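First comes the structure, then the notes that go with it.
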Amino acid sequence: MVIDTAPPLPTITLDADITADDILNAAEIAGNVTVTGTVGGDAKAGDTVTLTVNGQNFTGTVVDTAGVLTFAIAVPGADLSADGDKTIAASITTTDAAGNSGSASDSEGYTVDTAAPSVVVDIVDTSLNSGDKVSTVTFTFSDAPSGFDLTDVTAVGGTLSGLAVSLTDPRVYTATFTANDGFTGIGSVSVADASYTNAAGNSGTGHNDTVVIDTAPPLPTITLDADITADDIPNAAEIAGNVTVTGTVGGDAKAGDTVTLTVNGQNFTGLVVNNAGVLGFAIAVPGADLLATPTRPSPPRSPPPTPPATARRPTTAKATPSTPPRRASSSISSIPV
């Protein structure tokens with residue numbers, strides 16, 4: 001008669017990580033998590049493994065995988081999240097041919113992180129123009145993001161370059177925003193919802209910041225008054241002194257801008273002033289320079305037909321007064337100050 005009262009001695013080991021990073025994120029908790037491990041000793045294929053999580057039991061069967069005895073049991077993520085001490089308890093009971101039973105157990109802890117990370121975008125400059133088109137942009141995350149790059153960011157009114165993580169804080173990134181030429185309006189830098197994750201795999205919330213941009217050149221207009229004197233013909237007395245040349249400006253011109261008149265190769269300047277809502281200028285130009293400026297030649301004319309010859313009494317020639325000079329041509333520019 002053979003007597004066998006020795007219980008079998010199985011072993012059980014839970015795999016160290018219940019997920020790739022051993023941290024359950026929001027997406028994983030929303031479904032099932034497969035908990036795995038191995039058994040040994042006197043355990044055998046077909047034995048039952050029991051996992052206890054959040055006061056609930058979940059069972060599975062040992063299988064032989066290429067000579068290795070393993071198990072894989074689906075556990076609801078909700079129970080893993082609700083478990084008080086965030087620990088999985090595993091046990092196995094096996095029975096030998098003599099009917100003796102033996103048990104073994106193991107446990108493994110884990111972490112739950114379901115918080116959505118956030119980011120604050122900050123365009124450092126509040127406004128940009130053609131003289132200052134560049135601003136630093138900072139991205140400050142609540143958790144260090146995973147795989148954050150320029151494809152996760154949208155820029156309006158400019159371009160982003162040089163995205164880099166801080167050497168001292170993995171939650172802080174910086175980039176350079178360069179405003180587009182000829183753009184007038186509100187520029188922005190945006191990180192969209194769910195465009196990045198934290199280390200646990202939770203999708204983050206987005207944020208954006210704006211900047212006032214005006215890189216379009218101003219478009220002033222300028223018009224000389226039609227007559228530089230009452231009759232547009234400077235006389236000897238006027239040429240002996242100064243002649244005030246006047247006109248108006250518009251478009252993007254403004255009071256305080258400088259107007260330049262060029263006469264006889266000389267520049268004469270004055271400021272735009274606001275006269276009852278009309279932007280104008282009045283610049284004194286020496287009559288001598290107006291006189292010295294050559295007039296624009298008139299187009300040639302056809303000679304008049306010769307009348308029939310008739311006998312005339314000889315006459316004494318009369319002196320013909322010289323024609324007063326026409327208005328000198330001038331070039332004018334409006335220079336923003």
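The values are calculated or read from the model by the stated rules, or taken from the named source; none is laboratory data. Remember, predicted model here, so these are calculated numbers, not experimental data. Cβ sites come from the backbone with ideal geometry, for glycine too, and all protein chains shown count toward neighbours.
Give the residue, chosen from ASP152, ASP169, ASP193, ASP181, that is under 25 Å from PRO217 (Cβ atoms), of a type outside the set (A, V, I, L, M) and modelled with pLDDT of 95 or more.
Every option except ASP181 fails the conditions.
Condition first: in contact (Cβ under 8 Å) with a residue 60 or more places away in the chain and exposed (fewer than 14 other Cβ atoms within 10 Å of the Cβ). Now tell me which residues in the range 238-261 satisfy that.
If the condition is that a residue be in contact (Cβ under 8 Å) with a residue 60 or more places away in the chain and exposed (fewer than 14 other Cβ atoms within 10 Å of the Cβ), then GLY256 is the only one that fits.
Tell me which of these ASN264 doesn't satisfy, since it passes every other one: (1) on the phi > 0 side of the Ramachandran plot; (2) surrounded by fewer than 14 Cβ atoms within 10 Å (Cβ to Cβ).
Result: ASN264 passes all but (2).
Could you please find all residues in the range 274-295 being among the β-branched types (Val, Ile, Thr) and either out of contact with any Gly (no Cβ under 9 Å at 6 or more places or on another chain) or loosely packed, with under 13 Cβ neighbours inside 10 Å (or both)?
Answer for the range 274-295, where residues must be among the β-branched types (Val, Ile, Thr) and either out of contact with any Gly (no Cβ under 9 Å at 6 or more places or on another chain) or loosely packed, with under 13 Cβ neighbours inside 10 Å (or both): VAL278, VAL285, THR295.
Quickly run through the range 245-271 and pick out the residues that are assigned to a strand (DSSP E or B) and closer than 16 Å to THR221 by Cα.
Answer for the range 245-271, where residues must be assigned to a strand (DSSP E or B) and closer than 16 Å to THR221 by Cα: THR246, GLY247, THR248, VAL249, GLY250, GLY251, THR258, VAL259, THR260, LEU261, GLY270, LEU271.
So which residues in the range 162-179 are within 18 Å of THR197 (Cα to Cα) and among the aromatic types (Phe, Trp, Tyr), if there are any at all?
Selection gives TYR173 alone.
Hey, does the range 21-31 have a residue that's more than 23 Å from SER203 (Cα to Cα) and among the aliphatic types (A, V, I, L, M)?
Looking for residues that are more than 23 Å from SER203 (Cα to Cα) and among the aliphatic types (A, V, I, L, M), one finds none in the range 21-31, hence no.
So, in the range 140-173, how many residues would count as being loosely packed, with under 13 Cβ neighbours inside 10 Å and of a type in the set (Asp, Glu)?
Residues that pass the stated criteria total 2.
Failed condition for THR306, given (1) more than 22 Å from GLY251 (Cα to Cα); (2) β-branched (Val, Ile, Thr); (3) modelled with pLDDT of 50 or more, with all others met?
Just one mismatch for THR306, condition (3).
Results for (1) in contact with a strand residue (DSSP E or B) (Cβ under 8 Å, 6 or more places away or on another chain); (2) in a loop (DSSP other than H, G, I, E, B); (3) modelled with pLDDT under 95, shown as yes or no for each residue.
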site: ALA98; (1), (2), (3): no, yes, yes
site: SER107; (1), (2), (3): yes, no, no
site: THR114; (1), (2), (3): yes, yes, yes
site: ASP122; (1), (2), (3): yes, no, no
site: THR136; (1), (2), (3): yes, no, no
site: THR140; (1), (2), (3): yes, no, no
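Suppose we keep only residues that are exposed (fewer than 14 other Cβ atoms within 10 Å of the Cβ) and small (Gly, Ala, Ser) within the range 41-73. Which one would you say is farthest from THR93 (Cα to Cα)?
Looking at residues that are exposed (fewer than 14 other Cβ atoms within 10 Å of the Cβ) and small (Gly, Ala, Ser), I get ALA66.
Could you please give the count of residues in the range 112-139 that are free of Cβ contacts under 8 Å to residues at least 60 places away in the same chain and buried (at least 18 other Cβ atoms within 10 Å of the Cβ)?
1
So SER103 passes all but one of these: (1) within 24 Å of ASP21 (Cα to Cα); (2) surrounded by 13 or more Cβ atoms within 10 Å (Cβ to Cβ). Which condition number does it fail?
Checking SER103 against (1) within 24 Å of ASP21 (Cα to Cα); (2) surrounded by 13 or more Cβ atoms within 10 Å (Cβ to Cβ), the one that fails is (1).
Let's see how each residue does on (1) at pLDDT below 95; (2) aliphatic (A, V, I, L, M); (3) assigned to a strand (DSSP E or B):
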residue	(1), (2), (3)
GLU238	yes, no, no
VAL243	yes, yes, yes
ASN274	no, no, yes
GLY280	no, no, yes
THR295	yes, no, no
PRO299	yes, no, no
THR316	yes, no, no
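What residue, among those in the range 210-220 that are in contact with an Asp or Glu (Cβ under 8 Å, 6 or more places away or on another chain) and outside any loop (DSSP other than H, G, I, E, B), is modelled with the highest pLDDT?
VAL211
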